[in-house]
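Heads up, the thing below is written out as structure tokens.
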């Protein structure tokens, strides 16, 4: 059951972030392959950490903790995208912020906290 939830969260994130990247003007097969691989690294790890913290009742300040973890994901994705696709380094930070904010907020609207 946990694996199914992690896979569902990953697929949801991929869809939302692909749409956000497309709307921001990012195109190309190579870009979307890198983006998919970045999410395969960051999304399950983020959701697993949140699951563990929640299971052990360690999400005392849930919003602050999740915000901190999301900031780490934004920075990680920005750095990975910049490394893998070095042509547009500066624009990847804003892309990462928009993609992760979109997937988080839409996820909260659909699935709740």
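The angle between the Cα long axis of helix 2-23 and the longest principal axis of the Cα atoms of the chain comes to about 30 degrees, rounded to the nearest 10. Taking the average, over residues, of other Cβ atoms within 10 Å as the packing measure, peptides 24-31, 3-10, 42-49, 96-103 rank 96-103, 42-49, 3-10, 24-31 from highest down.
Taking 0.36 nm per residue of separation and subtracting the current Cα-Cα distance, fully stretching the chain between residue 84 and residue 19 would add 21.4 nm. Seen against the Cα atoms of the chain and their longest principal axis, helix 89-111 is set at about 40 degrees.
Taken over segment 2-111, the percentage of Cα pairs per 5 Å bin, counting from 0 up to the bin with the maximum distance, is 2, 12, 23, 26, 19, 11, 6, 2, 0.
Readers should treat all values here as calculations from the given coordinates under stated rules, not as data from a laboratory. If you're wondering where the values come from, they're calculated on a predicted model, not measured in any experiment. FYI the Cβ positions are ideal-geometry reconstructions off the backbone, even for glycines, and counts take in every protein chain you see.
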